[in-house]
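Every number in this text was worked out from the coordinates using simple rules, so none of it is lab data. Model, not experiment: these values are computed from the prediction. No Cβ is skipped: glycine too gets one built from the backbone with ideal geometry, and neighbour counts run over all protein chains shown.
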Amino acid sequence: MFHVKRRRRMLCYAPMALSRIIAIANQKGGVGKTTTTINLGASLAAADLRVLLVDLDPQGNCTSGLGMDKNTLQASTYHVLTEGADPLSAICSTDLDSLDLLPSNRELTGATVELLGVKRREFRLALALEPLHERYDFILIDCPPTLGILTLNALVAADSLLIPIQCEYFALEGLSDLMDTLGRVQQSLNPKLCIEGVLLTMYDERLNLSAQIRQSVRGHLGDQVFQIIIPRNVRLAESPSFGKPILLYAVRSKGADSYLQLAREILAKMAPLEEKLPYATHSIGVIS
Ligand SMILES: Nc1ncnc2c1ncn2[C@@H]1O[C@H](COP(=O)(O)OP(=O)(O)O)[C@@H](O)[C@H]1O
Ligand SMILES: [Mg+2]
């Protein structure tokens, strides 16, 4: 049995006044969106930050990956988006104290059609999340593998976009469509939206191809690419079948360590304030 608790001060930062909303999107499937949502969320929660994960994919992999039964949900993202249900009525707690989940299942497929005739349909999620800003430090949105109305809702609600890219041959394929969508959202619907970073995932250090893809992505996207690269790690692939984030399944694995480092990189970019804030209390550390 592993415990996740504070061990050492690695990074301190100011408690946040309002939550930062990060949409995790790439219209390619299988690139690590859900894995990143769950494990970045758990890593931030391990630092005592209050984190909400929003499952915005009708496949509900984020929901089942955290051990929830998708088929018995009383309320879900679908009800929040289409019926204006209070998100608090749908939010569930998880095995990690400060990690909550707004779950989803295949009912959400219907939302795409049901929202068609609705005015300001791109703003449904942003509106629903507004009352939650003071409850959470971070809200991470796990997007579906499309650039339809659901992903659009995520981009309108978000402060930033995190783009996982799998280290494989067609890594950059489709990225220009995502960047076009980002540009259009910035112009008309959400001018504050920025790029949180591009995250290389499933990196296999034994393959020349992985190194080539890393170079090519860094060449194209420069310092928009996170320093940390997520390795291919079998523990990361196994943990959803146990309904757990990797911190509760294999805390000493490379996969767990890499997502903790991603959390640190994001926090360091936001507020490297240790010396300025003697009262800052949060830190990230893990002990087994
Ligand atoms: N770093 C990794 N190492 C090994 N397997 C991974 C890694 N990241 C994701 N996977 C596996 O790859 C598959 C696709 O990942 P997932 O996060 O579901 O992608 P997406 O949400 O973009 O469709 C899943 O089976 C997942 O367990
Ligand atoms: Mg997914």
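Numbers at a glance
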item	result
Residue satisfying condition, being surrounded by 24 or more Cβ atoms within 10 Å (Cβ to Cβ) and either more than 16 Å from the chain's Cα centre (by Cα) or more than 16 Å from ligand 2 (Cβ to nearest atom) (or both), within set Leu150, Leu116, Leu155	Leu155
Members of segment 132-151 that are part of a helix (DSSP H, G or I) and within 22 Å of Ser43 (Cβ to Cβ)	Leu132
Of residues in segment 119-147 being among the β-branched types (Val, Ile, Thr) and within 16 Å of ligand 2 (Cβ to nearest atom), the one nearest to Pro191 (Cα to Cα)	Ile141
Every pair of residues 6+ apart whose Cβ atoms lie under 7 Å, when the first sits in segment 224-243 and is farther than 14 Å from Tyr259 by Cβ while the second is within 15 Å of ligand 2 (Cβ to nearest atom) and not in a helix (DSSP H, G or I)	Gly243/Leu66
Residue ID - surrounded by the most Cβ atoms within 10 Å (Cβ to Cβ), chosen from residues in segment 190-217 that are over 16 Å from Met179 (Cα atoms) and of a type in the set (D, E, K, R)	Arg214
Subset tally (residues that are away from ligand 2 (no atom under 16 Å from the Cβ) and either closer than 19 Å to Ser19 by Cα or in a strand (DSSP E or B) (or both)) for segment 158-174	3
Answer from Asp137, Asp223 - the residue that is exposed (fewer than 15 other Cβ atoms within 10 Å of the Cβ) and farther than 16 Å from Leu56 by Cβ	Asp223
Any hit, segment 35-54, residues being within 16 Å of ligand 1 (Cβ to nearest atom), closer than 20 Å to Glu134 by Cα, touching a Cys at 6+ places or on another chain (Cβ under 7 Å) and not basic (Lys, Arg)	yes
